[in-house]
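First the structure, in the form of C-alpha cells, and then the observations on it.
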Amino acid sequence: MTEIFGVPTQALFGQLLIGLINGSFYALLSLGLAVIFGLLNIINFTHGAQYMMGAFAAYFLLNKLGLNYWWALVLAPLAVGATGVIVERLMLSRLYKLDHLYGLLLTFGLALIIQGAFRHQYGSAGLPYAMPEQLTGGTNLGFMFLPNYRGWVIVASLAVCIATWFVIERTKLGSYLRAATENPTMVQAFGVNVPRMVTLTYGFGVALAGLAGVMAAPIYQVNPLMGADTIIVVFAVVVIGGMGSIMGAILTGFGLGVVEGLTKVFYPEASNTVIFVIMALVLMVRPQGLFGSR
Amino acid sequence: MAAPDQYQPHASRDDAAEARYHRRAFLVMTALFVVAPFVVYPVFAMKALCFALFACAFNLLLGFGGLLSFGHAMFLGMAGYVTAHAAKVWGLPPELAILAGTAASTVLGVVVGLLAIRRQGIYFAMITLALAQMVFFFCVQAPFTGGEDGIQSVPRGKLLGVLDLSNTLVLYYVVLAIFTTGFLLIYRIIHSPFGQVLKAIRENEPRAISLGYRTEHYKLAAFVLSAGLAGLAGATKAIVFQLASLTDVHWTMSGEVVLMTLLGGMGTIFGPVVGAFAIITMENYLAELGSWFTITQGAIFVVCVLAFRRGILGELEAWLRKRRGG
C-alpha cells in the first residue's frame, strides 16, 4: 500500500472525500446565507433548522406518500421554501427598519421552536433514509473506491452552486437582485417590485437549505438536531469567506470542508475546531474575510 | 444594538429623578432577596441570583455597548470549570477558587474580545458564537474538564476560613453579597464617564471616533469587564451546585442569557435581573417537559422581537414615564 506523509493513501483519499461531502453542504448552506444576507441584511439563524426540515420532508415524502428521492429533490426544497416565504411575510418583513440584530434574534427563536417541535415529535435518535437505488454501489477509480451516492452529492451541489452563481452574476434577474442589494429604493423607483423580490429571495435561500437537507438525508440520518451544530460551523465559514461574493461563499465552503477532512487524517483531535481556528487567523490578518469587501 | 428607546439627553432634574428611582428599586430588590430564602427554595434563589448576575454582565455589553455576543456561555462555563478544578484538585479555599475562575474568563475575554471587535454588528455575533463553539469542543476534549461527566462533587469549603458554605443559608447570603457587589459595580460602570462613552459608541460609532475616542479600546474594555463578571457568575454557580458541566459552555446557554436580557429589558438596569428570574422560574416548571422548554424559549424570543422589544422593565419604565407626563 502506498503512503503520503506516512498516511496510507486509502485513508487520505477517504477523508478527502468526506471533506468534499461536508464541503458541499457548507457551500450550499453558506451560499443560501449569503444570498439572504445580500438582500435582507439578515443572518438567517433558522438556516440549520430549515436544512433539517428538508431532510424530514424527504423522509415524509418517502414514508407517507411513497414519493422517492428524485421527487424529494424537487418537492422538499419547494415545501421548505414555501415555509420560508410565510416566515418572511409574517415576521421578518416587520423588522427591516430595525437594527439587523433583531433579525438574528427572531430567526434564532424560530430555530428553537422548529427544532424543539421536531424533537418533541421524533426524539433525538436519527431516522434512517434509504439511498436511491440508482446510486447505490460504487465505482473503482483506480486509486480509491468512490461510493456513487457521494460522488453524486459533490457533483450535484457543485452544479447547483454554479447555477446560482450564474443566475445572480450573469442574468437580467440577477442584475435586478444585485441592484436591489446596492440601493433598493432606486430599484423600486424603476418599477421593480422589491418587497416581492425580497420575499422570493428569502424563499430561495431557504429552499437551498432544504435541498442540502434532502441530499444529506441518505448520508447522515434524519435527525431533529442535525442542523443545530452545522449552522455554527457555517457561520464560521461565512466569516472566513466574507459575505461579499457568491463565488467566495462556494469556494470557502468546499475548501474548508477539504481542510477539515485533511485535519482528520493528520491531527484528528483538532478536526472539530480547525475551522474556528482558521476563522481566528483570518480575523487577525484580513478581518473582512478572504473574499469580502468592507 | 441600539436599545429601542433611544437615549435622550436628560435635564439634570430628570437625572436626579432617575437616580432616586434606581435607589428605591435597588432597596426593594435587596429587601426581596434578603427574605427570599425563607419564602422560596434557597438553591433555586441562588441559581436565579447567579443567572441574574450573568445577565447583568451580558447586558453591560449589549444594552450599553451595543455589542451582541452570542457566545457568553464560554465565560460562564470556563470560569465554572476553573473554579471547580481549583477547589477540588488544587484544594483552594472557595474565595481563591472563585477568583481563579473569574481571572480565567477575564483572560479568555481579552483573547476573544481582541478577535471579535475587529468586526461589527451581525459579524460580531457570529464570531463570538463560533469562538464559543471552539471553547465548547475544547472543554469536551480537555482532560481536566471530565468530558461528559463534568467536574462533580466540588467541595464548598469555608469562605476566608470562617464561613462554612455547606450551610445553605450562609451560602445564600454569600451568593447574595457577590451578586450585589457585581450589580453595583455594573451600575457604577454604566454611570461613569466610561459608560457614557460606551453609550455614545452604541448610538453612533463613527461620530464617537470623530470626537477623538479610540472606540476599539472602549469596546474591548467593555467586553473584558462583561466577560469577567459573567465569569464571576459562573464561578459562583460552580460552588453553589458543586458541579461544572458542558451545559454551561453550550450555545443554548449563550442563547438563554440573550433571552433573559431581551425579556427583562435590554439597556435597563434591573431588566436582566427580572428576566433571569422569569426564565429560571419557567425552567423550573417546564424542565421535565424537555423540548417544550426549548419551544417556549423560542416563542418568547419571537414574541419579544416582534411585539415587545423593550422587555418587561423597558415597557414598565416607558409607562411610568408617560404617566408622569415626561
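Odds and ends about this structure:
- Count of residues meeting criterion [assigned to a loop (DSSP other than H, G, I, E, B) and either touching a Cys at 6+ places or on another chain (Cβ under 8 Å) or without any contact (Cβ under 8 Å) to a residue 12 or more places away in the chain (or both)] in the stretch A:62-83: 4
- Residues of the stretch A:174-225 that are in contact with a Pro (Cβ under 6 Å, 6 or more places away or on another chain) and either crowded, with 23+ Cβ neighbours inside 10 Å or of a type in the set (D, E, K, R) (or both): A:Ala207, A:Gly210, A:Leu211.
- All positions within the stretch B:5-33 that are modelled with pLDDT under 90, among the aromatic types (Phe, Trp, Tyr) and either under 13 Å from B:Thr180 (Cβ atoms) or part of a helix (DSSP H, G or I) (or both): B:Tyr21
- Scoring B:Leu62 on the criteria (1) modelled with pLDDT under 95; (2) over 12 Å from the mean Cα position of the chain (by Cα); (3) among the aliphatic types (A, V, I, L, M); (4) closer than 29 Å to B:Gly311 by Cα leaves a single failure, condition (2).
- Within the stretch A:84-112, the set of residues being surrounded by fewer than 22 Cβ atoms within 10 Å (Cβ to Cβ), assigned to a helix (DSSP H, G or I) and facing chain B (nearest Cβ under 7 Å) comprises A:Arg94 only.
- Members of the stretch A:268-288 that are outside any loop (DSSP other than H, G, I, E, B), farther than 25 Å from A:Met243 by Cβ and either hydroxyl-bearing (Ser, Thr, Tyr) or at the interface with chain B (Cβ under 10 Å from one of its Cβ atoms) (or both): A:Glu269, A:Ala270
- Of all the listed residues (B:Gly161, B:Gly195, B:Gly182), the sole one being of a type in the set (Gly, Ala, Ser) and surrounded by 20 or more Cβ atoms within 10 Å (Cβ to Cβ) is B:Gly182.
- Some residue of the stretch A:210-231 being assigned to a helix (DSSP H, G or I), closer than 27 Å to A:Gly151 by Cβ and within 14 Å of chain B (Cβ to nearest Cβ): yes
- Matching residues in the stretch A:141-173 - criterion: being more than 20 Å from the chain's Cα centre (by Cα) and farther than 22 Å from A:Met215 by Cα: A:Leu141, A:Gly142, A:Phe143, A:Met144, A:Arg170, A:Thr171, A:Lys172, A:Leu173
- Count - residues of the stretch B:140-185 that are within 14 Å of chain A (Cβ to nearest Cβ) and either in contact with a strand residue (DSSP E or B) (Cβ under 9 Å, 6 or more places away or on another chain) or at positive phi (or both): 1
- All told, A:Leu225 falls short of being of a type in the set (A, V, I, L, M, F, W, C), farther than 24 Å from A:Leu73 by Cβ and out of contact with any Cys (no Cβ under 6 Å at 6 or more places or on another chain).
- Applying the set (1) facing chain B (nearest Cβ under 10 Å); (2) in a helix (DSSP H, G or I) to A:Val265 leaves exactly one unmet item: (1).
- Criterion violated by B:Glu95 - all others in (1) crowded, with 24+ Cβ neighbours inside 10 Å; (2) modelled with pLDDT under 95; (3) touching a strand residue (DSSP E or B) at 6+ places or on another chain (Cβ under 9 Å); (4) not hydroxyl-bearing (Ser, Thr, Tyr) satisfied: (1)
- Within the stretch B:294-325, considering residues that are in contact with a helix residue (DSSP H, G or I) (Cβ under 9 Å, 6 or more places away or on another chain) and of a type in the set (D, E, K, R), the one surrounded by the fewest Cβ atoms within 10 Å (Cβ to Cβ): B:Arg324
- Single residue of the stretch A:58-91 satisfying the filter (polar (S, T, N, Q) and at pLDDT below 95) that is farthest from B:Ala307 (Cα to Cα): A:Asn68
- Hey, B:Arg207 basic (Lys, Arg), within 25 Å of the chain's Cα centre (by Cα) and either part of a helix (DSSP H, G or I) or at pLDDT below 95 (or both) or not: no
The values are calculated or read from the model by the stated rules, or taken from the named source; none is laboratory data. Note that the coordinates shown come from a computational prediction; the quantities given were computed from them, not determined experimentally. We place every Cβ from the backbone using ideal geometry, glycine too, and count neighbours over all the protein chains shown.
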